[in-house]
């Protein structure tokens, strides 16, 4: 996963790529290319690199979203899939305390897991 700064850089490079394509169309020319190749100056390399990096970032974000969606789905199931109205104004700690007064059960069903603190503790 890329950092926020790297993601912003990908977005900036996509905007720059759009400008370069627009300039090529306006000037009725092909992409600038040099020998030896210069990834920052050569239009073809710059645009291809930006598009490849953006595609990689999109794939990573989709994967992360799928993982987080699966986690939320498991939590939602644990809570009995309450409606928005049932959740409004309540914390996750309140919901867990109501559903599991002794704390969360382990996947095997035993109740020896440590209870969650509901007020300001960790």
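The separation of the range 15-38 from the range 63-89, counted between C-alpha centres, amounts to 47 Å. With a Förster radius of 41 Å applied to the C-beta separation of residue 52 and residue 93, the computed FRET efficiency comes to 0.40. The gain in end-to-end length when the residue 61 to residue 9 segment is fully stretched comes to 17.1 nm, 0.36 nm per residue minus the alpha carbon separation. Applying 1/(1 + (r/R0)^6) with R0 = 41 Å to the Cβ-Cβ distance of residue 44 and residue 81 gives a FRET efficiency near 0.20.
What fraction, in whole percent, of alpha-carbon pairs in the range 22-97 exceed 17 Å separation? That fraction is 68 percent.
Bear in mind these aren't lab numbers, they're just calculated from the coordinates by the rules spelled out. Everything numeric in this text was worked out from a predicted model, so none of it was measured. Neighbour counts are summed over all protein chains in view; Cβ atoms, including those assigned to glycine, are modelled from backbone coordinates with ideal geometry.
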